[in-house]
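Readers should treat all values here as calculations from the given coordinates under stated rules, not as data from a laboratory. Computed from a predicted model, the values in this text were never measured in an experiment. Using ideal geometry, Cβ is built from the backbone for each residue, glycine included, and neighbour counts are taken over all protein chains shown.
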Amino acid sequence: MIGFFLLHLTGCGFVYDEKLVGPYRLVAIDITEQMSVCYSAAAEESCIGRIEETVFSVGWNAQYIVAKQHPSNDKSVTNYFILDIAKDRMNSDPSESVTGPLSEVEFKMQSASRRLPAFTKTIHELE
């Protein structure tokens, strides 16, 4: 199950922070190995976790965000995740909108049936 976490932005100096689509961002707080996808609640200056560390590759369109992740930077394991944007809200439990972890085979099957976006952003130092 995907954990739920909240990052407070006030006074934080992220080592990485990139807007993806809508309220979603790719962020790392202190070190790049903490890279994750979060839901940015700008009015509250917080970022609510959706796909936990260590995310090293993402792709997105108006419907989905896809991510490749090495759990806790364990590069011997690669998990795949699908975030269905239409099912997500700021205070939703991530399990309502995020599918995963998936194996590569499971992800490819989902990709064929859902027309998922390609991975277009990779952080090579985390790959």
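Please verify whether residue 125 is farther than 19 Å from residue 50 by Cα, of a type outside the set (Phe, Trp, Tyr) and either surrounded by 13 or more Cβ atoms within 10 Å (Cβ to Cβ) or in contact with a His (Cβ under 8 Å, 6 or more places away or on another chain) (or both), treating the condition exactly as stated.
When the stated conditions are applied, residue 125 does not pass them.
Hey, can you tell me all the residues within region 49-105 that are farther than 20 Å from residue 127 by Cα and among the aromatic types (Phe, Trp, Tyr)?
64
Can you name the residue in region 78-91 that is hydrophobic (A, V, I, L, M, F, W, C) and surrounded by 12 or more Cβ atoms within 10 Å (Cβ to Cβ) and, of all such residues, is nearest to residue 104 (Cα to Cα)?
81
Just give me the residues in region 92-114 being closer than 17 Å to residue 55 by Cβ, among the polar types (S, T, N, Q), surrounded by 14 or more Cβ atoms within 10 Å (Cβ to Cβ) and out of contact with any helix residue (DSSP H, G or I) (no Cβ under 6 Å at 6 or more places or on another chain), in sequence order.
The answer is 99, and nothing else.
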